């Protein structure tokens, strides 16, 4: 049987489901219907059912969804119980903010190393990890085998560094370099993050709303 291909929009909604279900748990809500969940999330009930059917469907007709159980299932799909080793490269303001404020462990990852080429901050720490020089990157990767790299570096350095990291076993990138990585290896996953794009989208919607 051919493996079902899950569309990118469905995949991108899974973290939202996981987050909203967590909020329901904190409110001590044990059961919820697709209609009620849709109202909370600004989706349609049919969209939610279609999304969940991509993974086999989780609810019972007339009963709805058991909140804790559904969150655990989606968490397993997302891999939140894994401990994927992550390194962060570029410990400037953005890098330090990500290291300190993103809860990697709740998202299936563990930040195990931070690197920067600035000698003024090497040896200091962020998120209880020492900031190491780039010269130690190769040996660190060979010893600890991280799988994901967070890139908070200038865009002109991103592509070359990504290729170096792939040769060291990195197969996932969370890329904040303002440069869309061009990776031909089908086994390497790239999530390019452009915060400015999100702000421009907001600006467009505001401008359009004012004109209407």
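The values are calculated or read from the model by the stated rules, or taken from the named source; none is laboratory data. These numbers were taken from a predicted model, which means no experiment stands behind them. Note that each Cβ is placed from the backbone with ideal geometry, even for glycine, and that neighbours are counted across all protein chains shown.
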Given the options 90, 64, name the one that is at positive phi, surrounded by 13 or more Cβ atoms within 10 Å (Cβ to Cβ) and not assigned by TED's automatic domain parsing to the domain that holds residue 124.
64
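One line per residue, one yes/no per condition, for (1) surrounded by fewer than 16 Cβ atoms within 10 Å (Cβ to Cβ); (2) outside the structural domain of residue 73 (by TED's automatic domain parsing); (3) more than 20 Å from residue 84 (Cα to Cα):
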| position | (1), (2), (3) |
| --- | --- |
| 105 | yes, yes, no |
| 116 | no, yes, yes |
| 122 | no, yes, yes |
| 137 | no, yes, no |
| 148 | no, yes, no |
| 158 | no, yes, yes |
| 184 | yes, yes, yes |
| 208 | yes, yes, yes |
Per the list (1) part of a helix (DSSP H, G or I); (2) not assigned by TED's automatic domain parsing to the domain that holds residue 147, residue check on residue 98 breaks on (2)
What are the residues in region 125-135 that are more than 24 Å from the chain's Cα centre (by Cα) and loosely packed, with under 13 Cβ neighbours inside 10 Å, if any?
135
If you go through region 48-75 one residue at a time, how many are in contact with a strand residue (DSSP E or B) (Cβ under 9 Å, 6 or more places away or on another chain), over 19 Å from residue 5 (Cα atoms) and assigned to a loop (DSSP other than H, G, I, E, B)?
2
Of all residues being in contact (Cβ under 8 Å) with a residue 24 or more places away in the chain and in a helix (DSSP H, G or I) in region 25-47, which is farthest from residue 63 (Cα to Cα)? Just the residue, please.
41
Does at least one position in region 117-127 carry a residue that is more than 18 Å from residue 152 (Cβ to Cβ) and either in contact with a strand residue (DSSP E or B) (Cβ under 8 Å, 6 or more places away or on another chain) or assigned to a loop (DSSP other than H, G, I, E, B) (or both)?
yes
Can you tell me which of (1) farther than 20 Å from residue 85 by Cβ; (2) without any contact (Cβ under 8 Å) to a residue 12 or more places away in the chain is the one residue 196 doesn't meet?
(2)
Give me the pairs, please: first residue somewhere in region 12-24 and farther than 17 Å from residue 47 by Cα, second residue anywhere and surrounded by 13 or more Cβ atoms within 10 Å (Cβ to Cβ), beta-carbon distance under 7 Å, and either six or more positions apart or on two chains.
22/71; 24/32; 24/67
